[in-house]
Structure formats: structure tokens, C-alpha cells
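The next block holds one structure in the form of C-alpha cells; read it before the comments.
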Amino acid sequence: MLGKRHHFNPLITPQDIKPSCNDFEVIGVFNAGATIYQNEVILLLRVAERPKPEKGWIHIPILDLAAISKSNKYPIKIISFHKDKSGLETSDPRAIYDEWKLYLTSISHFRLARSKDGMHFQIAAEPTIYPQNAYETYGIEDPRITKIDNIYYITYVAVSEAGICTALLSTKNWQKYYRHGIIFHPMNKDVVIFPKKINDVYVALHRPDAAPCTKPSIWLAFSPDLIHWGKHQLLLQPRETKWDAERIGAGAPPILTKHGWLEIYHGVSKKYGYSLGALLLDKNHPGKIIARSPKPILFPQEDYEKNGFFANTVFTNGIVQWPDEPDVIHIYYGAGDTYICHVAVSLQEIFRSLR
């Protein structure tokens, strides 16, 4: 691996988060978007929670649209299954299938965390952004933050019976948030927006589901207004013999370096699990690949990465650079779908590792 994990890892754990409901438990805080605002590191945490367990039963939390009101900001209805129910598939801890229908075993929202030093965080006592509409009844997941012209744009995954979509939020002050709706239809996730226009258009990386034709891959898309996306083109595919053999997806929004756009992305393989690597794209033509990691720059090694709600996982949505330390990137990553962790890596280390 490159860089050095912080000795405080994990920085944030489920025990640090107050559940949104008294009869819920937080099972994971992970995959946070990251940025800097007014000299503070801002993390927009994904918080996964569920009803407290009951022996012999599986309780599924779903947003209750009919019960949303000013006095009931977090309305949830519970669907319960006995574990012995015929036709129930429970091999993946994140989801169950009842015959053909998919349910998630937890529901996620976003919680704001702030830090002066990037290591010690003050965490909001209540959800900052909660599921709100018919496309979010199974939760909202994996926020990614891009700052453009003093506006912070947040792409996130909206999950419901209708499928897995990507939606867009924006804020200027981390107090008021504006929803712009779905920008990539099902099944699409891992959407990151570049922090400036390229050739007078906005650019995004995204990951459509192309099964059964091919494994999940990274695509490019272009937009005049951040809402309407088109001119899609395939950018990057998994490599059969490498650390990213099974699936890939964008991580944090790309950062501009003297060598081009640097993208930290995730890949999956049987050997490494979910790992992180780097991709270098041409500054003016992001569809041109300059270099790519032959080996992961970070892969599960520590107990908190090899174990957890979903084991053998390191996954990032957020990277920051301090103005006085431009040659180092600070990667905030989810470990085991349970914790928020940190690793600092010099850009030179990354560039030397690329091929």
C-alpha cells in the first residue's frame, strides 16, 4: 500500500452516532463525502441503521411516505420476516430477497461532521439529510461532494423499489440544501462530477449496470447544466488478472494535478476484496487514459477493514487537500462498511506507482 493509515483509525465508529429513532441501532458509518469549508474538513457521513434485532426475525426498515410530517421527520415502517420463511435469501448481510423481491436490511441517511484538524470530528446529533421521496424509500447512500463556483454539489445514490438511481443535491453553506432530482436513471451509481468545466461542459464519471454483457465499468458523461447528461462513452473496464478484476467504480471526484486529472477509484477482486487504485486522465481530454495503478494503493489489511458489516472492504467517496499541503491527499474511506478511516498519501508516491 501507499501512504500511512492514521494511528487514530477508525476515526468515527457506529458508537459515535446517535440513532434517528429510539428503537434503532447504528450499524455503520462509512463512505463519506469530503470537502473543506471555512477552514474545516466537512464529512457528509453515510449512516446505516436498522431496528434493534429480535431473535428469529429480520426487520426491514422502509421510509413511510404517507407518514411524513413536520412532527414526524423520520417516518419508518417495518416489514418483518421470520428467518425460517421459505424462499428467503439472506447470504448477503446488506440485503435479502423474498422470492424475487429485494429489500435492504438497513436504511441510510446523511449526517454532517466537522473538524478543524481533519481527525477529531463534531458530529450532528440528528440526521442532516434524510430520505424524502418515492425514489429514496430504501435509503440514500454514498454522497460525493464537488465544489464549483462556491456551490457544493452532492451526488448520491437513491434506492427504492424502482431501482438504484443517482440524484443531486446542492448547498452553499451546509445549512440549506436543494434537491435537483434524479440525474442518472437505474441502474447507475458511483457518479462523480469534475470540479470545473472541460471544453466548456461539465463532465462526470458514472457506473451503469451493463450485465449480462460485461462487468461493471466506468463511463464518462457530459452536461451543459449538471442536470441533463449525455454523450456517454466507456472509459475503463475491469482487468481479469489484476486487483480490479471483478468490478470498478469511481471514488472521490477527480483532482487536477500538473500531470492531469487524478481519480482514486475502487476495484474488486477475489484476492484483495474492495480496494483503491489510481487513474490519471488527460487534462483537456478526460476520455484519454494516461496511466493506471497496476496494484492497489490501499487494500484491506487491518482488522477493522478485513472484518465488519461487509468484510474485506476499503471504499472512498471523499478526498481533501489542505491549501498549505498541496502535494498530499487525505483520503477518508469506509472500512468494512462500518467505520470512517483516514490515510494520507503523497501525490509523488501515487505518480511513481502508475503505469
Worksheet item: Any idea how far apart Lys283 and Met187 come out in nm if each label point goes 7 Å out from Cα toward Cβ?
Response: 3.9 nm
Worksheet item: How high is the relative contact order of the stretch 49-195, in percent, with contacts defined as C-alpha pairs under 8 Å that are six or more residues apart?
Response: 15 percent
Discussion item. Quick check for you: with a 1.4 Å probe and neighbouring chains kept, what is the accessible area per residue of the chain, in Å²?
Written reply: 45 Å²
Discussion item. For a 20 Å ceiling on Cα separation, which of these pairs sit above it: Lys147/Lys176; Lys258/Lys288; Lys70/Lys176; Lys55/Lys306?
Written reply: Lys55/Lys306
Fill in: Pair Lys271, Lys77: separation of 7 Å Cα→Cβ label points (nm)
4.9 nm
Worksheet item: Carbon and sulfur together cover what percent of the accessible area of the stretch 8-129 at a 1.4 Å probe radius?
Response: 49 percent
Response to the item:
In this structure, the FRET efficiency calculated for Ser115 and Ser86 from their beta-carbon separation, with R0 = 45 Å, to the nearest 0.05, is 0.40
Worksheet item: Residue separation times 0.36 nm, minus the C-alpha to C-alpha distance between Ser170 and Thr241: what's the value?
Response: 21.6 nm
Worksheet item: Pulled fully out, how much extra length does the chain show between Gln348 and Glu54, if you take 0.36 nm times their separation in residues and subtract their Cα-Cα distance?
Response: 100.8 nm
Discussion item. Explain nothing, just the number: relative contact order of the chain, from Cα pairs under 8 Å at least 6 residues apart, as a whole percent.
Written reply: 16 percent
Fill in: Modelled FRET efficiency - R0 25 Å, Ala67 with Gln15, Cβ distances, 0.05 increments
0.30
Item to complete: Take the alpha carbon gyration tensor of the stretch 91-225, find the square roots of its eigenvalues, order them as a ≥ b ≥ c, and report rounded if a/c is under 1.5; if not, report prolate when a/b exceeds b/c, else oblate.
Response: oblate
Item to complete: Figure the gain on full extension for Asp327 and Asn39 (residue separation times 0.36 nm, minus the Cα-Cα span) and round it to one decimal in nm.
Response: 101.9 nm
Worksheet entry | Calculated P(r) tail over 22 Å for the stretch 180-281, as whole % of Cα pairs | 30 percent
Worksheet item: If one computes P(r) from the Cα atoms of the chain, what percent of pairs lie at distances over 33 Å?
Response: 24 percent
Item to complete: Any aspartates and glutamates with Cα under 20 Å of the Lys73 Cα? List them, leaving off those in the same chain fewer than 8 positions away.
Response: Asp23, Glu25, Glu49, Asp64, Glu126, Glu136, Glu141
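The values are calculated or read from the model by the stated rules, or taken from the named source; none is laboratory data. Treat the numbers as computed from the prediction; the structure is a model and nothing was measured. A quick note on method: Cβ atoms are made from the backbone with ideal geometry, for glycine too, and the neighbour counts reach across all protein chains shown. We work out accessible area using only protein heavy atoms, side chains counted, and drop any ligands, DNA or RNA first. Shrake-Rupley method; radii C 1.70, N 1.55, O 1.52, S 1.80 Å.
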